[in-house]
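Novice: My structure is below; once you've seen it, I'll send some questions.
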């Protein structure tokens, strides 16, 4: 595999301009929601509301107020597919439509996807959605076509504050660690990296610099994002045990005769040879012949 | 509990598939057990299962294809669309399940054909080979492997749900066992109903065998349901069962779909009680699947409302 590439998103310099959303829409020719009719969510400046089949980038606006509302903070974060090192969507995909590219990104091959939605249930970040138009799973492609032509992803190129940075993942991690040190030095002790280490699904190729708990940004804690296959064997072994117990119960039900001998038969049963061929006369003779 | 996920919208078709597939698996497993260990009378008594399993699993196939957003690509589940080679990912329950469903369709199809020939619905001299699949060592072997495929079909749906990141599905590894026990109880209830309504030649003692097996399956389901609820932990229990649809499990499924049928079965000599018990078990099985499949969607929706 060629070098692994990724996104490093420094949320402390995001200004919520949504240039990344626009660039993503434009490059990937994503249609507008509601045929372009503007729909105000009432949730700050966040009218995109969530990642979806036509929104592969989503700038979150998180307004935080103290209880007496004398102090406030505005967090912004450009959310995207995390291109996990151990990607749950890729793991569960039954058709092989989801693959890992030479850039270590996770890519959905549209001609192979049949819209089973197993990847949606597996993604712990709520990234993947089914397209209302194409009826297949959709998410950020990491601008695979641009990468193949030595161009950075459209969102990273459009970001005016370098909140979204693209590059070789190891270099990005070093840069991010320095930035965290710098912020700590400036008194922002709550700055930390989310997904840069291997605690979440072996690491996220799109990792973040955050200044609050993951839940504040709508992200799961590291223990909440799980690899789907972890429960396959424990569940299967329990099911096998249940099968044995079930079979034993049925065996006893069909072999225990003691009580039946004493019970008077209320209905008579015809011999099998009689009622097997009883529907049409003459067939039995033909069989025997 | 991770509430930051997207809803896969596995709705009415998937609920129907889990329910009907469970009945088919439970019914076939009963017939296979009767063929393996029962007397001739038992084998005749559960032939309703042979009539039920294959049509139901065919219906399941149709349902699954309809539920796909690109139904014309259903074959991608079994074959790679690029290489046209079989695709099998043992670590993906949906991939394994597609093969398991096909295997079960094969075995239940054999039984269906055999019972059609035996009961003279489609007799042809060239079809007499089908008897070999019912009798002798080959018959036992086919019943044994078919039994395995039935247990697989009854349980893999629970593994499929557990192998996700959806709240309510990933907190415990007991879903597969729960679905298996429920598939057995619903399958046996379906046989009991079919015997009472359509197969009147079946003797009372065979009916009692089926009912005894059903009581066993319902009791096992009740025990596993308790283990499932316990294994969730107190915090998750409070979240999952305090509101609809999770609320249905402790307050509808347990009393109406398990305890009441058990009570009725112990008094089955009263006319019609057996039928009522079987209908309650089937209804309980359907509600159980509806509740479990719908839990993540409702939790995620409630969470998104709170967020906005």
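Nothing in this text is a laboratory measurement; each read-out follows from the coordinates by a stated rule. All values derive from a computational prediction rather than experimental measurement. Cβ sites come from the backbone with ideal geometry, for glycine too, and all protein chains shown count toward neighbours.
Novice: Report the Stokes-Einstein translational diffusion coefficient (µm² s⁻¹, integer) for the range B:96-215, Rh taken as the Kirkwood radius over Cα pairs, at 4 °C with viscosity 1.567 mPa s.
Specialist: In µm²/s, the coefficient is 78.
Novice: What is the order of B:301, B:290, fewest Cβ neighbours within 10 Å to most?
Specialist: Exposure proxy ranking, most exposed first: B:301, B:290.
Novice: Extension gain residue A:184-residue A:29, at 0.36 nm per residue separation less the Cα-Cα distance, in nm?
Specialist: On the way: separation 155, 0.36 × 155 = 55.80 nm, distance 4.05 nm.
Taking 0.36 nm per residue and subtracting the Cα distance, the gain is 51.8 nm.
Novice: While we're on this one: Which distance in Å, rounded to a whole number, links the C-alpha centroids of the range B:42-80 and the range A:2-48?
Specialist: What the calculation gives is 42 Å, centre to centre.
Novice: So how do B:79-86, B:185-192, A:44-51, B:115-122 stack up, highest first, on mean other-Cβ count within 10 Å? List each step's numbers first, then the result.
Specialist: Details: B:79-86: 11.8, B:185-192: 30.6, A:44-51: 17.5, B:115-122: 16.0.
Highest-to-lowest ranking by the protection proxy: B:185-192, A:44-51, B:115-122, B:79-86.
Novice: If you don't mind, there's one more thing I want to ask. Just round it to a whole percent: the fraction of Cα-Cα distances in the range B:12-307 exceeding 26 Å.
Specialist: 46
Novice: A further question on this structure: Counting pairs of Cα atoms in the range A:15-94, how many percent are more than 21 Å apart?
Specialist: 43
Novice: Restricting to Cα pairs below 8 Å that are 6+ residues apart, what does the relative contact order work out to for chain B? Please round to a whole percent. Display every interim value, and only then the final one.
Specialist: Values: 431 pairs, mean separation 75.3, N = 308.
Result for chain B is 24 percent.
Novice: Could I ask something else about it? Rounded to the nearest 5, what % of DSSP beta bridges with both residues in the range A:5-225 are antiparallel?
Specialist: Antiparallel bridges: around 85 percent, rounded to the nearest 5.
Novice: Residue separation times 0.36 nm, minus the C-alpha to C-alpha distance between residue A:198 and residue A:134: what's the value?
Specialist: Extra length available between residue A:198 and residue A:134 comes to 19.6 nm.
Novice: How much of the DSSP beta bridge set in the protein assembly as shown is antiparallel, as a percent to the nearest 5?
Specialist: 85
Novice: Order these peptides, A:16-23, A:78-85, B:2-9, by their mean beta-carbon neighbour count within 10 angstrom, highest first.
Specialist: Highest-to-lowest ranking by the protection proxy: A:78-85, B:2-9, A:16-23.
Novice: If you don't mind, there's one more thing I want to ask. What percent does the relative contact order of chain A come to when contacts are Cα pairs within less than 8 Å and at least six residues apart?
Specialist: Relative contact order here is 22 percent.
Novice: Which value in Å is the Kirkwood Rh of the range A:193-252 over different Cα pairs?
Specialist: Computed over Cα pairs of the range A:193-252, the Kirkwood hydrodynamic radius comes out at 14.5 Å.
Novice: Hey, another quick one. Taking 0.36 nm per residue of separation and subtracting the Cα-Cα distance, what length does fully extending residue B:13 through residue B:78 add?
Specialist: Extending this stretch completely gives an extra 21.4 nm.
Novice: Test of understanding: ordering A:117, B:212 by Cβ neighbours within 10 Å, fewest first, what list do you get?
Specialist: Values: A:117 24, B:212 20.
Ascending Cβ contact count within 10 Å gives the list B:212, A:117.
Novice: Could you work out how far apart the two model spin labels at residue A:102 and residue A:45 are, taking each label as a point 7 Å from the Cα in the direction of the beta carbon, and quote it in nm?
Specialist: In this crude label model, residue A:102 to residue A:45 measures out at 4.0 nm.
Novice: Give me the inter-chain shielding for A:123-130: mean count of other chain Cβ atoms within 10 Å, whole number please.
Specialist: Per residue, the number of nearby Cβ atoms from other chains is 5 on average.
Novice: Sorted from largest to smallest, which semi-axis lengths in Å does the alpha carbon gyration tensor of the protein assembly as shown give for its equivalent ellipsoid, taking the root of 5 times each eigenvalue?
Specialist: 55, 26, 18
Novice: Let me ask something else. For the range B:176-308, count the residues as N, evaluate 2.2 N^0.38 Å, and divide the Cα radius of gyration by that value, please.
Specialist: 1.20
Novice: Which order do B:273, B:33, B:94, A:246 fall in if you start with the one that has the fewest other Cβ atoms within 10 Å?
Specialist: Fewest-to-most ranking of B:273, B:33, B:94, A:246: B:273, B:94, B:33, A:246.
Novice: Here's something else I'd like to know. Could you let me know the centre-to-centre spacing of the range A:139-193 and the range A:55-74, using Cα atoms, in angstrom?
Specialist: Distance between centres, Cα-based: 22 Å.
Novice: By how many degrees, between 0 and 90 and to the nearest 10, does the Cα long axis of helix B:273-307 differ from the longest principal axis of chain B?
Specialist: 20
Novice: Further, regarding this structure: Using every alpha carbon pair in the range A:101-158, what percent of pairs falls into each 10 Å bin from 0 up to the bin containing the largest distance?
Specialist: 21, 45, 31, 2
Novice: Give me the Kirkwood hydrodynamic radius of the range A:57-194, using the inverse of the mean 1/r over all pairs of distinct Cα atoms, in Å to one decimal.
Specialist: 17.4 Å is the Kirkwood radius here.
Novice: Using only the Cα atoms of chain A, what are the Rg and Dmax in Å?
Specialist: 29.0, 99
Novice: Follow-up question, since we're still on this one. Averaged across A:95-108, how many Cβ atoms of other chains sit within 10 Å of each residue's Cβ atom?
Specialist: 2
Novice: Can you give the Rg to Rh ratio of the range B:144-190, both from alpha-carbon atoms, with Rh computed by the Kirkwood formula?
Specialist: 1.05
Novice: In what sequence, highest mean first, do A:105-113, A:148-156, A:119-127 appear when ranked by Cβ atoms within 10 angstrom?
Specialist: Top of the packing list down: A:119-127, A:105-113, A:148-156.
Novice: When the helix-only estimate is applied to chain B (DSSP H runs of n ≥ 4, each -39,500 (n - 2.57), divided by the residue count), what is the mean residue ellipticity at 222 nm, nearest 500 deg cm²/dmol?
Specialist: Details: 10 runs with 207 residues, N = 308.
Result for chain B: -23500 deg cm²/dmol, rounded to the nearest 500.
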